[in-house]
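Here's the structure we're looking at; comments come further down.
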Amino acid sequence: NTDNFEIDKVQLVSLSALALDIEKMKEQKNVIENGAFYDNQLKEFLKENPEATENDFKAPTLSIDAENFRCFIPTEYTCSYEVAGQIEDIEYINSLKTKFAILKVNFGHSEIDQNFYCNVYVSEHLLKNYEPKVGEGIQSIIWLTGYFN
């Protein structure tokens, strides 16, 4: 697609992925009781609440769930990524005598108001007994491809 790529111009990139492994995201809550994140949160709390003491501070809890957690990590193989995101739409198709779920997944972070969508194709044999639902989080290994529009 190098002929379509122009420097100093906004480019639209269309992405698709084939799921190599997929499961529903396991929701977790982690209480942070020490470390740099804890120290920064405590410092902000004391700054915003000058009458408070360190004993008034409640340790922050980080949620790993569809609403709060996204990841997009390259693996050792080119075009293969470990991902986590939220399903925003599902469509089913049949191709070559195989049923596929096409999951429109948002890998973007809501706190920075940037969506990062990718259609993830999942064959019925990979889904096994898992029935994806809109709003759920997924964890997956994908083979990613894309092109410039």
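Brief remarks follow.
- 147, 130, 77, reordered so the largest accessible area comes first (probe 1.4 Å): 77, 147, 130
- Within-13-Å neighbourhood charge of residue 83 [Cβ basis; K, R +1; D, E -1]: -2
- Note on residue 37: accessible area approximately 90 square angstrom, rounded to 10, probe 1.4 Å, nucleic acids and ligands left out.
- Violating pairs (Cα-Cα greater than 25 angstrom) within the set 58/133; 9/133; 26/47; 97/133: 58/133; 9/133; 26/47
- The chain, accessible surface, carbon-and-sulfur percent (1.4 angstrom probe): 49
- Cα gyration tensor, the stretch 8-149 - rounded (a/c under 1.5), prolate or oblate: prolate
- The stretch 6-138: antiparallel DSSP beta bridges as a percent of all, rounded to 5: 90
- Three-way shape label, the stretch 1-70, alpha-carbon gyration tensor, a/c 1.5: oblate
- Part-to-part distance (alpha-carbon centres) for the stretch 55-106 and the stretch 1-32, which is given in Å: 9
- Taking the chain and dividing mean pair separation by its residue count, relative contact order in percent (alpha carbons under 8 Å, at least six apart): 37
- If R0 is 35 Å, the Cβ-Cβ spacing of residue 10 and residue 89 corresponds to a FRET efficiency of close to 0.90.
- Nearest-ten-degree value, helix 36-48 long axis tilted from longest Cα axis of the chain: 50
- Report summary: the helix-based calculation at 222 nm, which adds -39500 (n - 2.57) for every DSSP H run with n ≥ 4 and divides by the residues of the chain, gives -3000 deg cm²/dmol.
The values are calculated or read from the model by the stated rules, or taken from the named source; none is laboratory data. Note that this is a predicted model, so its numbers are computed, not measured. Neighbour counts are summed over all protein chains in view; Cβ atoms, including those assigned to glycine, are modelled from backbone coordinates with ideal geometry. For accessibility, only protein heavy atoms count, side chains too; no ligands or nucleic acids. Shrake-Rupley method; radii C 1.70, N 1.55, O 1.52, S 1.80 Å.
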